[in-house]
Ligand SMILES: Cc1cc2nc3c(=O)[nH]c(=O)nc-3n(C[C@H](O)[C@H](O)[C@H](O)COP(=O)(O)O)c2cc1C
Ligand code: SF4
Ligand code: FES
């Protein structure tokens, strides 16, 4: 198994307690930074590491921190995105529940680098029981002098709080998250301005995913260069993959980026192959929003190269024959799966979760759901299939936030790769499964 | 406090609310809206009446319409009464692949109600929800702040029996 940066100690009993975490070397990166690093040196270490955002977009973390204007007198904020709502994604919960101190340690490092005095962890409301665990860990960190006034005599002070959401996928989008944190509806803001310029309460803000932040202590302890030595190409380090669906071993795996997809699916170290010895049919590799690929294209690229678990390899072939690493939510489907039905649940999801600000998204998602329902229940026509493609094209790129694209891509890709199955529904006037 | 309101949190709950308000900069107490609505909903048998929302507006010194605007946006807030025990069944793709429909139908049959309805005795409500971020252990349901994972119809029966016996109330203060 590759270097474990996030899950190394995950099975140690009591890891969620300060005492156990500290004994394993926890919070040493904070001591190191407060003693020897300027805030900009922390940022430069993260830039060197090549760490990319693990929330889905894969934007380089160090570069994002670099956009923060430190010359204004406005407060700056560091916000953790623990909304984890992308279907198929369940990795952040694992960290929050079992290893909350690693997240807190990372929050201190990021906050110090940005010069934040108050930082927030925004946790989806359904995960209140995890919020309680994280709050307890925060309390311990205060008691032990790693949060609050004048941390370890450094002169740096930081307060850290958890904030619950209340059931809205859209609040995972960073500007909607900030609106929600301000006590409003989760309506995404028009960008630019980006949060680095106008963020929480109008102040410069960085939003990062839980997994991104939890990687920071290792990077500071071992150096950015050591981190960038792991992985492949521009996909540095390790990534948590939450694997679910028709595999023998659903769960959360920390992989070195660059692992062959085939090994990930079939090796006993990871997913352990397809259940009941069935055939692999399709995979949604990076959370429900990314294009679905049939077995042939997920195992190998269109040019016959083995497909790797990396940002570059998974997107090779663009949307014609590729997909995206996204959030690492890896949904596996075997031969018994009805692609139309699976897609219908996603269409319903996006319709339900659209915030309603843009008409292509608000109307288009509902329309696509209706048509898919029609096809799945045997009342569809051949024209409906083209209509779906047409609607998805009109949503894509025409909305305020990427939820519109996220709703369009699964539809377009399912029809591109599994058109026959949609046609069979129409011909038979029922679901063939 | 507006005279028409017959509602007031106890000391302990008010302390919690005030502690939460202090987490945000001066004048930004509206940020406490989501946390306080969660607490208010638990205190009001699992739903937000207009009176409850008005009280929350008073606590945070904002307009009642601002509270309603937010409460109606988020799916965890119920604007109609619900049963003592709300069973939320995940129906998104990964759970569907592992048989969540069967689980939903099973609850519906056992309780004699459809999703979105409350049993006549007021004990149970069934709700369908979207991905709960636990897809590796699908199918998944949520009850209050508890998750129940790897659900089977057998497990569902055991849980129902237990909830019946203990007169389950899923509306507890989520912070405690
Ligand atoms: C509709 C939508 C939902 C999102 N949901 C999440 C989420 O649940 N968690 C997350 O970290 N990022 C989510 N994102 C991405 C965030 O907008 C943002 O890119 C991310 O939090 C940045 O952190 P990172 O750079 O560390 O990944 C979502 C984006 C969109 C458009
Ligand atoms: S794309 Fe959809 S979710 Fe995003 S802002 Fe527009 S309507 Fe809202
Ligand atoms: S789909 Fe049910 S928990 Fe994710």
Any chance the range A:48-71 includes a residue that's within 19 Å of residue A:119 (Cβ to Cβ) and over 23 Å from the mean Cα position of the chain (by Cα)? yes
What is the residue count in the range A:204-226 for residues that are in contact with a strand residue (DSSP E or B) (Cβ under 6 Å, 6 or more places away or on another chain) and either assigned to a helix (DSSP H, G or I) or over 25 Å from residue A:324 (Cβ atoms) (or both)? 4
By residue number, the members of the range B:64-92 that are part of a loop (DSSP other than H, G, I, E, B), surrounded by fewer than 18 Cβ atoms within 10 Å (Cβ to Cβ) and more than 12 Å from every other protein chain (Cβ to nearest Cβ) are B:79, B:80, B:81
Select, from A:156, A:120, A:161, A:112, the only residue that is under 14 Å from residue B:23 (Cα atoms) and touching a residue at least 60 places away in the same chain (Cβ under 8 Å). A:120
Selection within the range A:379-399 - buried (at least 19 other Cβ atoms within 10 Å of the Cβ) and within 16 Å of ligand 2 (Cβ to nearest atom): A:391, A:392, A:395, A:396, A:399
Where in the range A:273-328 are there helices (runs of 4 or more DSSP H), lying fully within it, with 3 or more residues that are more than 26 Å from residue A:341 (Cβ to Cβ)? A:311-315
Could you list, in sequence order, all residues of the range A:180-197 that are more than 20 Å from residue A:57 (Cα to Cα) and either part of a helix (DSSP H, G or I) or away from ligand 2 (no atom under 16 Å from the Cβ) (or both)? A:180, A:181, A:182, A:183
Assess whether residue A:166 counts as being more than 16 Å from ligand 3 (Cβ to nearest atom), more than 8 Å from every other protein chain (Cβ to nearest Cβ) and either in contact with a helix residue (DSSP H, G or I) (Cβ under 6 Å, 6 or more places away or on another chain) or not in a strand (DSSP E or B) (or both). no
Working only within the range A:384-412, note down all residues that are near ligand 1 (Cβ under 10 Å from one of its atoms) and either within 14 Å of another protein chain (Cβ to nearest Cβ) or assigned to a helix (DSSP H, G or I) (or both). A:403, A:404, A:405, A:406, A:407
In the range A:80-118, anything within 12 Å of another protein chain (Cβ to nearest Cβ), crowded, with 24+ Cβ neighbours inside 10 Å and under 18 Å from residue A:199 (Cα atoms) is listed as A:82, A:83
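Residue check: is residue A:43 assigned to a loop (DSSP other than H, G, I, E, B), over 30 Å from residue A:292 (Cβ atoms) and either within 16 Å of ligand 2 (Cβ to nearest atom) or more than 14 Å from chain B (Cβ to nearest Cβ) (or both)? Walk me through it before giving the result.
Details: assigned to a loop (DSSP other than H, G, I, E, B): no; over 30 Å from residue A:292 (Cβ atoms): yes; either within 16 Å of ligand 2 (Cβ to nearest atom) or more than 14 Å from chain B (Cβ to nearest Cβ) (or both): yes.
The answer is no for residue A:43.
Any read-out appearing in this document is the output of simple, stated calculations on the displayed coordinates, not a laboratory observation. Note that the structure is predicted; figures quoted are calculated from it, not measured. So basically every Cβ, Gly included, is an ideal-geometry build from the backbone, and we count neighbours across all protein chains shown.
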